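Asker: Take a look at the following structure, please.
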Amino acid sequence: MQLRPKKTPLNKKLNMTSPEQLIRPEILNMPAYPVASAQDLIKLDIMENPYELPEETQFELGQHLSRLALNRYPVAGNYPLRLKMRTALQIPQELELMLGNGSDELIHLIIQACAREGTCVMAPVPSFVMYAMSAQLNRLPFVGVPLQTDFSIDMPAMLSALKQHKPSVLFLAYPNNPTGNLWPEDQIAQLIKASPGLVVIDEAYQPFAETSWLPHLLEAPNVVLIRTLSKLGLAGIRLGYLIGSPQWLKHLDKVRPPFNINVLTQATAEFMMDRLALLDWQAAILREQRIILFKALSHLPGVIPFESHSNFILVRVPNAVAWFEGLKTRGILVKNVSNMHPTLLANCLRLTVGTPEQTALLIYALQELAR
Ligand SMILES: *Cc1c(COP(=O)(O)O)cnc(C)c1O
């Protein structure tokens, strides 16, 4: 049976106001965030850790989670978890910690808090797409300053853009996604010095970079750092964290939805803080695989891999569309990033580093395509 509302004056009026008439035009014109389906494919597209928890740890976690009071709201401000993370992750006493539903949410909250009229958000491009997307959702213009062809920062362009546009937030992904490289510390320091607003150092790939801006965080007042447990091996629980001075966090925390970290995530993260060695060990395997994959890529004719400090490698191939499809036919899903920047990323694929078995299969498939 079809439901057909009676025509009354009221719903006649409602019919007139379609979503297209009500929703902001910039959102109507926005594409939805693309997430590829990976059914039956080896998933090397979005930088997940390929390892699941060992069976006995799974069982123990299950027992732990089964005892939670799911009828209760999460603990306000995530206090016990923050305390535990502070110790486990060695956050200095002078710095405060704020948790987000993934660092995606933190990016959004930072921009929301700083979205004064007439300001803008800036980042080098290509970089993480959420910076531009969050800016747009918060009605701020996004100014992207192109990297050079080797993905180093164009310092004169960046310094003059900072002067001209005076962004309220500058994002620097350290290492950068999708290029995988780390920019030199002295350049970052120079950009921080030249920035009129807040500088956010995004360390999503810190477990693979083996370096951090954390030791320098107290040197300048207008810098915060964001990290995530996603790339380390817990993408499913959605937990990101922001480290910064109490002066910043006391205000940023007001924008945070009060119960943004759910009970299951809080408990799982607390549980895993006692088992970080396991995740660190997996990260070490992946760093090793990155070296193996890079070497193999640099021996392939027509293929140019770019040096990476993360758990993925950006690679230029003769034809990104054909190679993406070729890998897919061979059961491997990667990310074709060539549309993320018209020139700088031409014919580039982003390969997430997987297990030794997955790396071997990937190399074999790429060798076939290069023939
Ligand atoms: C993956 C990624 C994030 C988002 O991480 P979540 O915590 O899963 O939301 C943030 N920044 C960069 C640079 C990333 O690559």
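Rule-based calculations on the coordinates, nothing more; no lab input. This structure is a prediction, so every number in the text was calculated from the model and none was measured. Reconstructed Cβ throughout: ideal geometry from the backbone, glycine too, with neighbour counts over all protein chains shown.
Asker: Please identify every one of the GluC sites (Glu not before Pro) in the range 23-62 that sits in a loop by DSSP and has no more than 10 other beta carbons within 10 Å of its own beta carbon.
Answerer: Values: sites: Glu26, Glu48, Glu52, Glu55, Glu56, Glu60; in loops: Glu48, Glu52.
Those satisfying the criteria are Glu52.
Asker: Could you sort 272-279, 133-140, 226-233 so that the peptide with the highest average Cβ count within 10 Å comes first and the rest follow in order? Write down the numbers at each step before the final one.
Answerer: Numbers: 272-279: 15.4, 133-140: 19.5, 226-233: 24.0.
Averaged packing, sorted descending, gives the order 226-233, 133-140, 272-279.
Asker: Please name which of Met122, Phe59, Asn49 has its Cα lying farthest along the dipole of the chain towards the positive end, using unit charges on Cβ (Lys, Arg +1; Asp, Glu -1) and the Cα centre as origin.
Answerer: Met122
Asker: Still on this structure, I have one more. In the range 75-274, if the dipole is taken from +1 on Lys/Arg beta carbons and -1 on Asp/Glu beta carbons about the Cα centre, which of Ser103, Ile201, Gly233 is farthest to the positive end?
Answerer: The listed residue farthest towards the positive side: Ser103.
Asker: So how much slack lies between Gln58 and Gln247, counting 0.36 nm per residue of separation and subtracting their Cα-Cα distance, in nm?
Answerer: Net length gain for the segment: 64.1 nm.
Asker: Return the subset of Lys166/Lys254; Lys43/Lys166; Lys193/Lys254 for which the Cα-Cα distance in this structure is over 30 Å, preserving the input order. Walk me through the numbers on the way to the answer.
Answerer: Details: Lys166/Lys254 24 Å; Lys43/Lys166 40 Å; Lys193/Lys254 27 Å.
Going by Cα-Cα distance, Lys43/Lys166 fall outside the 30 Å limit.
Asker: Sticking with this one: Could you list the GluC sites (Glu not before Pro) in the range 155-240 that lie in coil according to DSSP, counting only those with at most 16 other Cβ atoms within 10 Å of their Cβ?
Answerer: Glu210, Glu219
Asker: When the helix-only estimate is applied to the chain (DSSP H runs of n ≥ 4, each -39,500 (n - 2.57), divided by the residue count), what is the mean residue ellipticity at 222 nm, nearest 500 deg cm²/dmol?
Answerer: -12500 deg cm²/dmol
Asker: How long, wide and thick is the range 75-274, going by the Cα atoms along their three principal axes, in whole angstroms, largest first?
Answerer: Cα extents, longest axis first: 46, 36, 30 Å.
Asker: On full extension of the chain, what length is gained from Phe271 through Leu65, given 0.36 nm per residue of separation minus the C-alpha to C-alpha distance?
Answerer: My answer for the length gained is 73.2 nm.
Asker: Evaluate the Kirkwood expression for the hydrodynamic radius of the range 200-332, namely the inverse of the mean inverse distance over all pairs of different C-alpha atoms, and round to one decimal in Å.
Answerer: Over the range 200-332, the inverse of the mean reciprocal pair distance is 17.8 Å.
Asker: Moving on. What nm distance separates the two modelled labels at Glu219 and Arg371, each placed 7 Å from Cα along Cα→Cβ?
Answerer: 5.2
Asker: Near the amide H of Asp202, under 5 Å away, which other amide H atoms are found, from residues 5 or more places off or on another chain, if H is placed in the peptide plane?
Answerer: Leu172, Ala173, Tyr174, Ile226
Asker: A follow-up question, please. Of the candidates Thr119, Thr57, Thr355, which one comes out as most mobile in a Gaussian network treatment of the chain with C-alpha springs shorter than 10 Å?
Answerer: Comparing Thr119, Thr57, Thr355 in a Gaussian network model of the chain, the most mobile one is Thr57.
Asker: OK, next. Restricting to the range 75-274, compute how many DSSP beta bridges are antiparallel as a %, nearest 5.
Answerer: The antiparallel fraction comes to roughly 35 percent.
Asker: How large is log10 I(q)/I(0) at q = 0.31 Å⁻¹ when the Debye formula is applied to the Cα atoms of the range 290-337, each weighted equally and without solvent?
Answerer: So the normalised log intensities work out to -1.27.
Asker: I would also like to ask the following. Give me the Kirkwood hydrodynamic radius of the chain in Å, from all C-alpha pairs, to one decimal place?
Answerer: Values: mean 1/r = 0.0446 Å⁻¹.
The answer is 22.4 Å.
Asker: Can you tell me which aspartates and glutamates have their Cα less than 17 Å from the Cα of Lys163? Leave out same-chain residues fewer than eight positions away.
Answerer: Within reach: Asp154.
Asker: Something else: Just need the relative contact order of the chain here, percent rounded to a whole number, with Cα pairs under 8 Å and 6+ apart. List each step's numbers first, then the result.
Answerer: Details: 600 pairs, mean separation 79.0, N = 371.
Normalised by residue count, the contact order of the chain is 21 percent.
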